[in-house]
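I have placed the structure first, in the form of structure tokens, so that the comments after it can refer back to it.
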Amino acid sequence: MRRSPSSSVPPPARSASAPAHSDWQTLGMLLPYLWTYKWRVLLALGFLVGAKLTNIGVPLLLKQLVDRMTIGPNNPQALLVLPLSLLLAYGALRLATTIFTELREFVFVKVTQRAVRTIALQVFRHLHSLSLRFHLNRQTGGMTRDIERGTRGVSSLVSYALFSILPTLIEIALVLVYLALHYEIWFSVITAGALALYIVFTITVTEWRTHFRRTMNDLDSRANSKAIDSLLNYETVKYFGNEDFEARRYDEGLQRYEIAAIKSQSSLSLLNSGQSAIIAVAVTLILWRATQGVIDGQMSLGDLVLVNAFMIQLYIPLNFLGVIYREIKQSLADMERLFSLLEQNKEIADAPNAVPLATGGAAVRFSHVDFSYESNRQILFDVDFEIAAGTTTAVVGHSGSGKSTLSRLMYRFYDVDAGSISIDGQDLRGVTQASLRKSIGIVPQDTVLFNDSIEYNIGYGKPGSSKEEIVAAAKAAYVHDFIESLPDGYETTVGERGLKLSGGEKQRVAIARTLLKNPAVLIFDEATSALDSKAEQAIQEQLSEIAQNRTTLIIAHRLSTIVDAHQILVLEHGRIIERGTHTQLLIANGAYAQMWARQQARDDDDEDAASVSPSLQLA
């Protein structure tokens with residue numbers, strides 16, 4: 001049974017959502033990037049321990065200073081003796097703590113920034129390696145937000161975990177050991193119990209709050225995607241007067257984000273209140289035991305000051321530890337989405353033994369090709385033809401017949417389901433994608449330019465080209481004089497997607513870009529169908545000149561542009577139903593001859609309408 005016809009334009013495929021990771025899995029994905037600089041990491045950890053040891057030494061010296069200054073039976077003249085050595089040691093320890101901390105920052109900053117740079121570059125490269133199917137489905141605004149938040153999350157996570165949580169844990173361990181060795185057990189019990197309760201409470205509530213952050217991230221990405229999509233289609237919005245409609249769509253996303261943000265902030269207030277209550281009770285109990293010890297004569301005023309200083313040093317960062325833990329959870333959630341991009345399946349990858357494409361005459365062969373974008377939607381059926389080296393083959397057919405799919409398969413944006421495509425006898429699946437795409441040049445129907453200068457856009461065909469080469473390509477594409485007539489010449493910025501240039505001007509820039517690339521195979525994908533007759537005729541002459549002695553595939557809409565092709569293929573519902581030269585196909589009086597007759601009739605009608613006098617038209 002024959003399949004129903006369908007459009008050759010691939011539908012957006014459903015994105016395969018990457019599996020969710022646990023926090024430990026996400027950390028495990030990050031560690032290799034940090035461990036590349038293991039000696040810097042270990043040195044930074046050494047400075048970190050040094051900073052904590054000197055920091056613990058400050059309260060100990062403060063205790064000695066207070067005891068030395070306290071009048072008692074063993075020290076009747078305390079106020080008359082200046083403890084210079086203790087004062088100097090106190091200042092030295094304060095300074096050493098700062099120096100060790102700054103050295104830690106200095107040593108580790110390269111690790112953090114290089115990890116962020118490496119991950120961002122790897123994600124960027126991976127996105128370019130993904131198939132066209134992924135990029136037809138992606139939402140640019142949301143994806144860029146994911147990358148931005150993810151790279152920022154890497155820096156935040158490393159900073160918080162290594163420079164905040166780890167130092168605090170080290171300091172807690174040192175304080176607990178000192179309290180257990182020098183004072184009654186209650187000091188250690190109260191401190192350890194409060195710490196355990198604080199950590200359990202913080203983790204439990206933060207885990208409950210985490211889904212609010214995930215929801216906020218998702219809603220933020222969606223709202224941003226809608227905003228960017230609307231701005232990219234600015235003209236379309238204006239054409240239909242849908243500014244208010246777009247604003248309402250954007251505001252719907254902002255409203256959902258607002259609700260999620262309010263819930264997140266409310267739960268944050270609950271967390272902060274609980275943490276403060278635990279710390280307040282613990283500090284009160286510690287001071288009660290210390291004060292009682294002084295009254296009982298078991299502790300000196302210096303001991304009271306020491307215990308109080310320990311509690312201040314512990315609970316101030318510990319209070320901040322709750323905030324840090326939340327930030328770490330948020331950073332992990334952000335990083336999870338970043339790493340999920342790296343786990344997107346490439347779909348089209350070089351074979352392990354792929355070799356560079358070696359082109360001679362660049363003969364192209366489609367051998368019994370079947371292809372479908374989806375399993376239930378076949379586009380090409382047993383397509384079999386050859387483009388001899390240095391010749392031109394044109395493909396014509398109604399919209400949806402599969403013409404543009406041929407160019408996508410030649411670029412290997414997709415792999416064929418059956419059959420093969422080869423250039424000079426080399427199967428495209430056996431050569432590297434970089435060498436394949438270097439050998440093919442295309443002038444597409446919809447030319448998209450970068451928001452940069454004309455020189456940059458022409459030079460993009462061959463990065464690193466000299467100004468002389470770019471000018472030569474522009475002259476060959478008959479666009480040099482136009483460029484020179486602009487106030488800024490080759491430095492003229494073309495605007496977003498090249499919108500500052502007309503259709504014909506953009507096409508000439510695209511031709512110059514392709515000429516500079518100097519490919520072995522040329523593809524013209526309905527390159528003039530969107531232009532008026534005069535511009536089309538001028539550009540068509542340039543394309544014909546460029547195609548001489550090159551292997552060329554023309555995907556044509558207007559049959560008058562391909563009458564000189566060495567071979568014309570007629571596609572219908574993904575099958576080749578006719579092939580031959582222009583003359584042969586007219587003689588056959590089949591589908592091609594009918595298409596030709598219809599287009600000739602339309603052209604005659606257009607000429608008749610153009611020849612009518614203005615007065616008659618007004619009448």
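Looking only at residues that are among the hydrophobic types (A, V, I, L, M, F, W, C) and within 15 Å of LEU553 (Cβ to Cβ) in region 361-379, which one is surrounded by the most Cβ atoms within 10 Å (Cβ to Cβ)?
Ranking the candidates gives VAL364 first.
Inspect region 415-432 for any residue being open to solvent by less than 50 Å² (accessible area, probe 1.4 Å), farther than 22 Å from ILE546 by Cβ, among the charged types (D, E, K, R) and not in a helix (DSSP H, G or I) and give the result as yes or no.
Yes, that holds for at least one residue.
Residue by residue, here is whether (1) modelled with pLDDT of 85 or more; (2) small (Gly, Ala, Ser); (3) farther than 21 Å from ILE165 by Cβ; (4) touching a His at 6+ places or on another chain (Cβ under 7 Å) holds:
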position	(1), (2), (3), (4)
GLY193	yes, yes, no, no
THR204	no, no, no, no
THR210	no, no, no, no
ILE228	no, no, yes, no
THR236	no, no, yes, no
ARG248	yes, no, yes, no
LEU268	no, no, no, no
ASN272	no, no, no, no
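If VAL283 passes every condition in (1) in contact (Cβ under 8 Å) with a residue 40 or more places away in the chain; (2) more than 30 Å from GLU496 (Cβ to Cβ) but one, which one does it miss?
(1)
Scan region 106-117 and tell me whether some residue there is open to solvent by 30 Å² or more (accessible area, probe 1.4 Å), of a type in the set (A, V, I, L, M, F, W, C) and modelled with pLDDT of 75 or more.
Checked region 106-117: at least one residue is open to solvent by 30 Å² or more (accessible area, probe 1.4 Å), of a type in the set (A, V, I, L, M, F, W, C) and modelled with pLDDT of 75 or more.
Report yes if THR206 is surrounded by fewer than 16 Cβ atoms within 10 Å (Cβ to Cβ) and hydroxyl-bearing (Ser, Thr, Tyr), otherwise no.
no
Filter region 558-573 down to the residues that are outside any loop (DSSP other than H, G, I, E, B), in contact with a helix residue (DSSP H, G or I) (Cβ under 7 Å, 6 or more places away or on another chain) and either under 23 Å from ASP384 (Cβ atoms) or modelled with pLDDT of 85 or more (or both) and list them by number.
Matches in region 558-573: LEU559, ILE568, VAL570, LEU571, GLU572.
When the residues of region 574-594 are filtered to those that are in contact (Cβ under 8 Å) with a residue 60 or more places away in the chain and open to solvent by 20 Å² or more (accessible area, probe 1.4 Å), which remaining residue is farthest from ASP384 (Cα to Cα)?
Across region 574-594, the extreme among qualifying residues is ARG579.
From the list ILE312, ILE348, exactly one residue is of a type in the set (Val, Ile, Thr), modelled with pLDDT under 80, farther than 30 Å from ALA227 by Cα and not in a helix (DSSP H, G or I). Which is it?
ILE348
Could you tell me whether region 457-475 includes any residue that is touching a Gly at 6+ places or on another chain (Cβ under 6 Å) and not in a strand (DSSP E or B)?
Yes, because at least one residue in region 457-475 is touching a Gly at 6+ places or on another chain (Cβ under 6 Å) and not in a strand (DSSP E or B).
Among the numbered conditions (1) open to solvent by 90 Å² or more (accessible area, probe 1.4 Å); (2) charged (D, E, K, R); (3) closer than 11 Å to ALA512 by Cα; (4) under 28 Å from the mean Cα position of the chain (by Cα), tell me where LYS475 comes up short.
Unmet condition: (4).
Can you tell me which residue within region 231-242, out of those that are surrounded by 12 or more Cβ atoms within 10 Å (Cβ to Cβ) and free of Cβ contacts under 8 Å to residues at least 60 places away in the same chain, is nearest to the chain's Cα centre (by Cα)?
Checking each candidate, the answer is LEU231.
Just to check your reading of the model, which residue among LEU516, LEU436 is open to solvent by less than 10 Å² (accessible area, probe 1.4 Å) and at pLDDT 85 or above?
After ruling out the rest, the residue left standing is LEU436.
Go through (1) on the phi > 0 side of the Ramachandran plot; (2) modelled with pLDDT under 75 and name the single condition GLU526 misses.
(2)
The values are calculated or read from the model by the stated rules, or taken from the named source; none is laboratory data. These figures come from a predicted structure and were not determined experimentally. Reconstructed Cβ throughout: ideal geometry from the backbone, glycine too, with neighbour counts over all protein chains shown. Keep in mind that these areas ignore ligands, DNA and RNA; they rest on the heavy atoms of the full protein, side chains included. Shrake-Rupley method; radii C 1.70, N 1.55, O 1.52, S 1.80 Å.
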